[in-house]
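J.: Mind looking over this structure? Questions follow.
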Amino acid sequence: MTFVDEVKTAVTVRAALLVIGVLGLMVAFIASYAGAFHSPKPKDIPFAVVAPPQISPQLTQKLGALPGGPLDVRTAKDAADATRQLRERGIDGALIVDPRGTTDTVLVASGGGASLAQAVEAIVTAAEKTQQRTVKVVDVAPVAAGDSRTLSSFYLVVGWCVGGYLCAAILAISAGARPANPHRALIRLAVLALYSIAAGLLGSLIIGPVLDALPGSYIGLAGLGALVVFAVGATTLAFQGLAGVVGIGLAILVIVVLGNPSAGGAYPYPLLPPFWRTIGPGLPPGAGTWAARSIAYFRGNAISSPLQVLSIWAAAGAVVTVLLAGLRQDRAGPPVGT
């Protein structure tokens with residue numbers, strides 16, 4: 001055999017195409033993570049102002065006109081109203097003006113992201129300094145001692161996502177990427193559901209009671225984990241039913257390459273570039289990270305939207321998996337002997 005013949009034997013056309021696809025994933029991975037994280041800049045952070053009526057419009061306009069537009073400013077009735085909005089995750093910061101002195105109060109919620117709380121503090125401190133005023137910072141949803149940089153919720157969700165697509169990939173490797181019929185597809189989904197429940201319970205056990213890294217309801221986090229794992233796993237099964245083994249790469253593209261850097265983990269949404277800020281809430285890692293922080297630090301507030309996102313991914317993945325298996329069975333025809 002010639003060298004070219006040996007190369008053709010060692011590396012098939014299909015393998016070469018898969019290697020090229022992996023190279024594309026690698027490039028996309030670098031571009032996505034570097035693009036999201038290389039230069040975080042605050043933009044349109046939801047922010048409330050509590051000030052006397054005679055200065056409130058001017059102050060609101062001034063803060064809203066800061067270079068780069070870091071704040072999306074609105075007014076709140078009083079300090080209690082601003083605190084309520086923070087705890088309900090409607091805003092990410094607030095300024096309470098003291099008309100009797102020169103020290104104002106900045107409200108933040110570091111449980112929603114330490115980097116975001118620090119950005120709010122830095123922006124307002126700089127703006128107040130130009131008016132010869134100082135600020136004191138009050139954290140209405142402080143991060144837990146064991147949750148450094150508020151990354152525990154993100155890492156928890158990333159772990160669940162990895163478990164979801166790896167479980168689906170193992171099912172494909174062991175018994176074929178495409179289920180032969182709807183019954184086998186349903187069996188795979190049932191196995192995935194049981195795995196998802198176990199993953200949710202164990203992940204919450206590790207992050208909570210074992211490591212004491214994340215506060216909040218154990219059952220709430222476990223239920224979220226089960227939904228995240230099933231959503232990612234069902235999506236991977238659907239991709240595999242559509243594209244075979246290549247579907248695993250498609251799942252990695254959506255969940256890892258696009259989903260992880262846009263999840264708001266290291267940098268919450270207002271600090272991300274527009275593309276990642278836009279897609280993040282609609283992908284499982286972003287929806288899961290937001291929901292996990294809401295459960296841990298905000299008593300489950302503002303959780304309905306991310307749960308709906310995860311439910312849509314889960315339901316769509318399951319339906320597509322079964323439908324594609326049905327189409328595959330129809331094309332194959334009835335079994336021999338029937």
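The values are calculated or read from the model by the stated rules, or taken from the named source; none is laboratory data. Quick caveat, the model's predicted, so the values are computed rather than measured. Don't worry about glycine lacking a Cβ; one is built from the backbone with ideal geometry, like all the others, and counts go over all protein chains shown.
J.: Would you check if residue 230 is of a type in the set (Phe, Trp, Tyr) and closer than 18 Å to residue 18 by Cβ?
T.: Criteria not met by residue 230.
J.: Restricting to segment 210-227, and then to whatever is of a type in the set (A, V, I, L, M) and within 16 Å of the chain's Cα centre (by Cα), can you tell me which residue is surrounded by the most Cβ atoms within 10 Å (Cβ to Cβ)?
T.: 224
J.: Residue 31 - would you say it is closer than 20 Å to residue 256 by Cα, small (Gly, Ala, Ser) and loosely packed, with under 13 Cβ neighbours inside 10 Å?
T.: Yes, satisfied.
J.: Moving on. Checking the conditions here, which among 146, 159 is surrounded by fewer than 22 Cβ atoms within 10 Å (Cβ to Cβ), in contact (Cβ under 8 Å) with a residue 40 or more places away in the chain and not in a helix (DSSP H, G or I)?
T.: 146
This table checks each residue for (1) free of Cβ contacts under 8 Å to residues at least 40 places away in the same chain; (2) surrounded by 16 or more Cβ atoms within 10 Å (Cβ to Cβ).
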position	(1), (2)
268	no, yes
275	no, no
280	yes, yes
329	no, yes
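J.: Right, something else. Hey, any hits in segment 56-69 for a residue that's part of a helix (DSSP H, G or I), within 20 Å of residue 122 (Cβ to Cβ), free of Cβ contacts under 8 Å to residues at least 24 places away in the same chain and outside the structural domain of residue 290 (by TED's automatic domain parsing)?
T.: Within segment 56-69 (the criterion being part of a helix (DSSP H, G or I), within 20 Å of residue 122 (Cβ to Cβ), free of Cβ contacts under 8 Å to residues at least 24 places away in the same chain and outside the structural domain of residue 290 (by TED's automatic domain parsing)), the answer is yes, since at least one residue qualifies.
J.: Right, another one. Please state which of the following conditions residue 134 fails to meet, knowing it meets all the rest: (1) surrounded by 20 or more Cβ atoms within 10 Å (Cβ to Cβ); (2) touching an Asp or Glu at 6+ places or on another chain (Cβ under 7 Å).
T.: (1)
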